[in-house]
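Heads up, the thing below is written out as structure tokens.
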Amino acid sequence: MSHRDPPGIIAPHIPADDWRRAQATGQPVVVVVHDRTPNDPVWRRCLIPFAIAGAVVVGGWGLVFALCWLLDTAAHTATVIAGAAGPVSVGGVSLKLFGSKR
């Protein structure tokens, strides 16, 4: 009986009893090999972290833009309300906000 190894790259160990039984009875041995294709580029492993970092940066700039827009809108609203309201008086002290200097 000659010693034969299974074809291809296999796991480090196939139990001897199973291998001998398969050789004696002619039963096939199924070997599942999980392998990466050698043409798979290495940069794919780095793609997900860079995508996450890019999303964080874009989200941060979006928050900054939204905050600037909100403050600008609040300033314009305060200006319009103060201009339309005229003088404001509290406890007998009156203030003219954003009025003309004539």
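Matching residues to (1) surrounded by 10 or more Cβ atoms within 10 Å (Cβ to Cβ); (2) at pLDDT 75 or above; (3) outside any loop (DSSP other than H, G, I, E, B); (4) touching a helix residue (DSSP H, G or I) at 6+ places or on another chain (Cβ under 6 Å):
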{"site": "G8", "(1), (2), (3), (4)": "no, no, no, no"}
{"site": "D18", "(1), (2), (3), (4)": "yes, yes, yes, no"}
{"site": "V29", "(1), (2), (3), (4)": "yes, yes, no, yes"}
{"site": "K101", "(1), (2), (3), (4)": "no, no, no, no"}
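Mind checking which residues of the range 31-51 are modelled with pLDDT of 85 or more and open to solvent by 100 Å² or more (accessible area, probe 1.4 Å)?
Hits for the range 31-51 are I48, F50.
Could you tell me whether the range 63-75 includes any residue that is open to solvent by 100 Å² or more (accessible area, probe 1.4 Å), modelled with pLDDT of 85 or more, among the aromatic types (F, W, Y) and part of a helix (DSSP H, G or I)? Checked against the condition, which is being open to solvent by 100 Å² or more (accessible area, probe 1.4 Å), modelled with pLDDT of 85 or more, among the aromatic types (F, W, Y) and part of a helix (DSSP H, G or I), the range 63-75 yields at least one hit.
The values are calculated or read from the model by the stated rules, or taken from the named source; none is laboratory data. Everything numeric in this text was worked out from a predicted model, so none of it was measured. Neighbour counts are summed over all protein chains in view; Cβ atoms, including those assigned to glycine, are modelled from backbone coordinates with ideal geometry. Accessible surface areas use protein heavy atoms only, side chains included; no ligands, DNA or RNA. Shrake-Rupley method; radii C 1.70, N 1.55, O 1.52, S 1.80 Å.
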